[in-house]
Amino acid sequence: MFSVDKQSLQSLSALALFTFAFLGSEFFFDSRIGLLISAERVVGAQAMILGASVIGFLAYGLIAKVAGGRRAFRAIEAVGAIAALVTIAAAESALAMQIAGCIAFFLLGSLGAEAHWSMARAFEGSPSLAKGAGAAYAAGILLQFLSNQFVTAGMAGTAVLCIGIAALAVFAAAGEHDGESAGQAAADSSQQITPGGAKTAIRAVWLLALVVLLACMFSTLDNVVTLANAQGSISVETWPRLFLAASGLAAGVLFDIRERRYMGFIMFAVTVLSTISILAVEAGASPVIGLIVFYVSSGFFVTFFTTTFLQLAPRMRTPQLWAGMGRAANNLCAFTVSGVSMMLTQSGIAAVMIASLILFVLVSVAFVGAGLFRLPSTVGEREAIQAGLAAAAAPTPEEVQAEFISRSGLTPREEEVLRAVTADERPLKQVADDLGISLRMVQRHLTNIYSKTDTQTRAGLTRAFFGK
């Protein structure tokens, strides 16, 4: 599908392990706290841990600089997250679980930011960036699926998640160079990158708005799924979840077509499908059908926002912050709108239809503002444009000849002889007759021209005069 070197493979592994650890821990937390609180309150508890992960994402750069050595810092984060998961598994109080969950997801957010930053550095300028993002996401989903299918619940499941977090910390720190800290690596990389300027910053804001709006759609349907899972009507860890992996891989392949020039159009089509799926579920369609449509669309969405910000990050002034901004924005939206979306899904089809229409209009505006409806140029097209600009800027043959004559300091008669002897291969006797002067005079002028132009033959003089 695509070739990767050691650094790229390490970054892919880190991002895949983050996806596995993050989603697995989220489901584990929902399942555990669901034993102590009502199904409706699980959605709010989930929102709290997602909010903690956003803080971890945003704090990554600052914490990495303060903490110094990357390996030691990753080890501390991994130990803290593992301890928090063990607490969730053993706690008998919902409050204790909530606190431990927030700690675990804050640390997972920081580890995730490191994984995204590593991916952005390894795949900068790569034509396979979307494939890499989709493959990492699919691998994480498959790991979670296998864990849910073959590992029993309780401490065994907790142990698998803990191993995943430990491996994430190892791969996230694998890009360390000669004891260089994460903060130093980020600073050094920032110094080597020329920021994209005001246009890039404006586009980044539009992309953030787009991800937030899209996340509102997915958060609404995700809350429906979470509620149905908590009530026992569906099981989100079973086979429909494989559609997430398949759609992530498909998204990576489709997005990378012709250097990701059609990525915006494809994602907009998926947005339309997602809107329809929300309406269908609320109108009474089978929860399984809605779940499948949601997962297929979600795979595209995750690959889209991951690829978009990995691609954007190197052009920003703080690239290590922006690499994981798509995931942070998605989690922030899930945290802030969970209550509203839950109320919306319980308000009837009319409210859902109105809200979906408003969201769809806003999403369309954000797509336009982010420039995703404009076809970006490919390498071949950019080369053709550059060649055309170079040709337009190149001097004309007349300008080349005038500059040659001026630089050589030729007299008017010498210029006349020059043009005559370089126009064709006529014998010098015929040139003399056409100019109305003697052959000896033509030869004398030609000798002077050779001297002034530093040429020795008629052929060499012709090439120099025409700039060949």
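What follows is calculated from the coordinates using simple rules that are stated; it is not laboratory data. The structure presented is a predicted model; accordingly, all values stated were derived computationally and were not measured. Backbone-built Cβ (ideal geometry, glycine too); neighbour counts: all protein chains shown.
Inter-label distance, Met155 to Ala96: 1.5 nm, where each label sits 7 Å from its Cα along the C-beta direction.
Ranked by the mean number of other Cβ atoms within 10 Å of their residues, highest first, the peptides 309-322, 38-51 come out as 309-322, 38-51. Within 10 Å of each candidate Cβ there may be at most 11 other Cβ atoms; applying that plus a DSSP loop requirement, which GluC sites (Glu not before Pro) in region 391-448 survive? Sites meeting the loop and neighbour criteria: Glu425.
Ignoring lysines fewer than eight residues from Lys6 along the same chain, the ones with Cα atoms less than 18 angstrom from its Cα are Lys131.
Cα centroids of region 397-453 and region 110-151: 71 Å apart.
Applying 1/(1 + (r/R0)^6) with R0 = 56 Å to the Cβ-Cβ distance of Leu273 and Lys6 gives a FRET efficiency near 0.90. Electrostatic bookkeeping for Val442 treats Lys and Arg as +1 and Asp and Glu as -1; over the other residues with beta carbon under 14 Å from its beta carbon, the sum is +2.
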